[in-house]
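The values are calculated or read from the model by the stated rules, or taken from the named source; none is laboratory data. Because the structure is predicted, anything quoted here is derived from the model rather than measured. As a convention, Cβ positions derive from the backbone with ideal geometry for all residues, glycine included, and neighbour counts pool all protein chains shown.
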Amino acid sequence: MNELYEVEHVTVSIRRSSADVYAFAANGANLPRWASGLGHSAESRNGEWLLDGPLGKIRVRCAPFNDFGVLDHDVVLPTGQTVHNPLRVVPNGAGSELTFTLFRLPDVSPEKFAEDAHWVARDLERLKGLLEA
C-alpha cells in the first residue's frame, strides 16, 4: 500500500540540555515516571522493558543509544501488535525540543486520534516538569 497516514507532531520545549533530556528519556526505567500510558513499573529483560499498565502487559524496545537524539521505541501490545513511536530530542538554544510523531493508523477514529495526541502532550509535559524541577 502507498497510503500515507495522518500525522500529529506533539512538541514540548524543555529548559534542559538535549543531552540531559536524552539521558533521562532513553533510560527505560524512567518510563513509568512520565509515560503514563505504558505502565507503573519497568523491568529490563533481554534488551526490552516489560511494563504492566493501562494497556495490559506490554514490551517496549528502545532505539540503541546514539548521538543523534533518536528516542524511537516500539511498543508491543498484549495482542502482539507492534506500534512504532518516533521520538526525537534536538538542541534549542540552551534547552531542547522534544517531538513525538503520532500516526493515525487505519483503525483509529478521528476522536481517538485527538485523544491520543492529548495524552502524548500530557506525558511530554510531565517529562518537562520532571526535568525542569
Problem set entry | From VAL89, VAL76, residue being of a type in the set (Val, Ile, Thr) and within 17 Å of ALA25 (Cα to Cα) | VAL89
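Table: residues versus (1) exposed (fewer than 11 other Cβ atoms within 10 Å of the Cβ); (2) closer than 20 Å to GLY129 by Cβ; (3) touching an Asp or Glu at 6+ places or on another chain (Cβ under 7 Å); (4) in contact (Cβ under 8 Å) with a residue 60 or more places away in the chain.
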site: GLU8; (1), (2), (3), (4): no, no, no, yes
site: ILE14; (1), (2), (3), (4): no, yes, yes, yes
site: GLY53; (1), (2), (3), (4): no, yes, no, no
site: ASN66; (1), (2), (3), (4): no, no, no, no
site: THR82; (1), (2), (3), (4): no, no, yes, no
site: LEU87; (1), (2), (3), (4): no, yes, yes, yes
site: THR101; (1), (2), (3), (4): no, no, no, yes
For this session: Could you check how many residues of region 32-61 are outside any loop (DSSP other than H, G, I, E, B) and either among the charged types (D, E, K, R) or on the phi < 0 side of the Ramachandran plot (or both)?
Result: 18
Problem set entry | Evaluation of ARG88 against (1) modelled with pLDDT of 95 or more; (2) basic (Lys, Arg); (3) over 21 Å from PHE113 (Cα atoms) (one fails), failing number | (3)
For this session: Could you please give the count of residues in region 16-31 that are in a helix (DSSP H, G or I), free of Cβ contacts under 8 Å to residues at least 24 places away in the same chain and under 16 Å from PRO64 (Cβ atoms)?
Result: 1
Seminar exercise, completed: Restricting attention to region 16-51, the residues that are in contact with an Asp or Glu (Cβ under 6 Å, 6 or more places away or on another chain) and surrounded by fewer than 19 Cβ atoms within 10 Å (Cβ to Cβ) number exactly 2
